[in-house]
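Each remark here refers to the structure printed beneath this line.
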Amino acid sequence: MDHEIDHHGTQRTFSRRDLLDQLEIHIRNLKQSDAWVAYLRAQSRFHHYSPRNVMLIAMQRPDATNVAGFTTWKELGRSVIRGERGINILAPVLKRTSPDDNEALTGFRWVSVFDIAQTHGRPLPSPVVLLHGESPGAIEAELEHVVASFGFSLHYERLPFGVNGECRWQSRLIVIEPQNPGLQRVKTIVHELAHALLHEHQVLRDVAEIEAEAVAFLVLAALGFDSSPYSAGYLATWLGDDQEISEAISRSCLEIQHASDAILGALRRFSSHPLDEESCTQTSELAHSSTLTGSNMGRKGILASPISGRTQST
Ligand SMILES: [Zn+2]
């Protein structure tokens, strides 16, 4: 964190650096909350499946997000909907050959697991709060022109449980869940547009999600909205256990600047909504604070995978 406020003697509340510093405080507070502990406890119940089982799940149910066995769902307060067909995966069979021995692998057997969309009951604990309220004026319609100016089309369709949006590079589509509140839809459009601009070839899912959400947070701030109730929780789920948001943003500062500048530039052309110019123009400050500008060093990524205990997409 730098101390530009002191040097300048004036409080520049809405500079990008300041906004991201505020976000960091939100994330820190969240990580000390009961909601975060409940989220971690629930997530610890989900297996990390082997690559082979991830493939088996993806083949049988490509839109799966949270997958667990019948009993685990029961323990999490949810039950499998009658008539749902299980997803078959291979579970190891372990046997003790003598009373003193450790268990040894003796083979595999087929077991059934179920995606969260095949269950109902108590919602899973989540640190992410959907943004409520409508988006004022014509912002959502204007964003359609912004999206089109980058060669994509905005499209609304029902998405799998818990998924708010998707970027489909092959068909150049940004797909949005229509039943979310207006402000959430606007934030998701910007998040997916950031993916469209930055991540066609990015396989590090955590890096991609952090960049896209940081862009969405900054663009929403320039439009006069605070997306931190959603963004802080979302970023926290994609940050490494001991990783600070400031580190992650410093490593991605060029990408975050590039996408937020491009989207705000297009908004100036297509939108009549006033933009907070202060939070649009402080581009040098992000780079200034970066220690690893433009470098991939130290990135601790995970490969893109359809199966994860985390929120699928925004
Ligand atoms: Zn995303």
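Based on what the data block shows, is residue 236 under 24 Å from residue 37 (Cα atoms) and either under 15 Å from the mean Cα position of the chain (by Cα) or surrounded by fewer than 23 Cβ atoms within 10 Å (Cβ to Cβ) (or both)?
Judged against the criteria, residue 236 is a match.
Which residue pairs have Cβ atoms under 6 Å apart, sit 6 or more places apart or on different chains, and have a first residue in segment 189-208 that is at pLDDT 95 or above and a second that is hydroxyl-bearing (Ser, Thr, Tyr)?
Going by the 6 Å Cβ cut-off, the qualifying pairs are 191/314.
Residue 128 fails exactly one of the following numbered conditions: (1) among the hydrophobic types (A, V, I, L, M, F, W, C); (2) modelled with pLDDT of 90 or more; (3) part of a loop (DSSP other than H, G, I, E, B). What is the number of that condition?
Of everything listed in (1) among the hydrophobic types (A, V, I, L, M, F, W, C); (2) modelled with pLDDT of 90 or more; (3) part of a loop (DSSP other than H, G, I, E, B), residue 128 misses just condition (2).
Give the residue that is modelled with the lowest pLDDT, with candidates limited to residues of segment 218-239 that are touching a helix residue (DSSP H, G or I) at 6+ places or on another chain (Cβ under 6 Å) and within 13 Å of the ligand (Cβ to nearest atom).
By that ranking, first place goes to 238.
Could you list all residues from segment 166-203 that are closer than 23 Å to residue 232 by Cα, of a type in the set (Ser, Thr, Tyr) and away from the ligand (no atom under 14 Å from the Cβ)?
Once the filter is applied, which keeps residues that are closer than 23 Å to residue 232 by Cα, of a type in the set (Ser, Thr, Tyr) and away from the ligand (no atom under 14 Å from the Cβ), segment 166-203 yields nothing.
Look at segment 119-171 and say how many of its residues are within 21 Å of the chain's Cα centre (by Cα) and charged (D, E, K, R).
Summing the residues that are within 21 Å of the chain's Cα centre (by Cα) and charged (D, E, K, R) in segment 119-171 gives 5.
Take the residues in segment 1-36 that are modelled with pLDDT under 90 and among the β-branched types (Val, Ile, Thr), then tell me which one is surrounded by the fewest Cβ atoms within 10 Å (Cβ to Cβ).
Among them, the one singled out is 10.
Has segment 269-288 got any residue that is at pLDDT 90 or above and either within 16 Å of the ligand (Cβ to nearest atom) or over 30 Å from residue 51 (Cβ atoms) (or both)? If you could, list the steps in order and put the result at the bottom.
Step one: filter segment 269-288 for residues at pLDDT 90 or above, giving 269.
The next check asks that each one be either within 16 Å of the ligand (Cβ to nearest atom) or over 30 Å from residue 51 (Cβ atoms) (or both); those that pass are 269.
Looking through segment 269-288, at least one residue is at pLDDT 90 or above and either within 16 Å of the ligand (Cβ to nearest atom) or over 30 Å from residue 51 (Cβ atoms) (or both).
Tell me the strands (runs of 3 or more DSSP E) entirely within segment 144-206 that contain at least 1 residues that are among the β-branched types (Val, Ile, Thr).
Per the criteria, 173-176.
Is it true that some residue in segment 154-162 is in contact (Cβ under 8 Å) with a residue 40 or more places away in the chain, within 14 Å of the ligand (Cβ to nearest atom) and crowded, with 21+ Cβ neighbours inside 10 Å?
The answer is no, given that none of the residues of segment 154-162 is in contact (Cβ under 8 Å) with a residue 40 or more places away in the chain, within 14 Å of the ligand (Cβ to nearest atom) and crowded, with 21+ Cβ neighbours inside 10 Å.
The values are calculated or read from the model by the stated rules, or taken from the named source; none is laboratory data. Remember, predicted model here, so these are calculated numbers, not experimental data. No Cβ is skipped: glycine too gets one built from the backbone with ideal geometry, and neighbour counts run over all protein chains shown.
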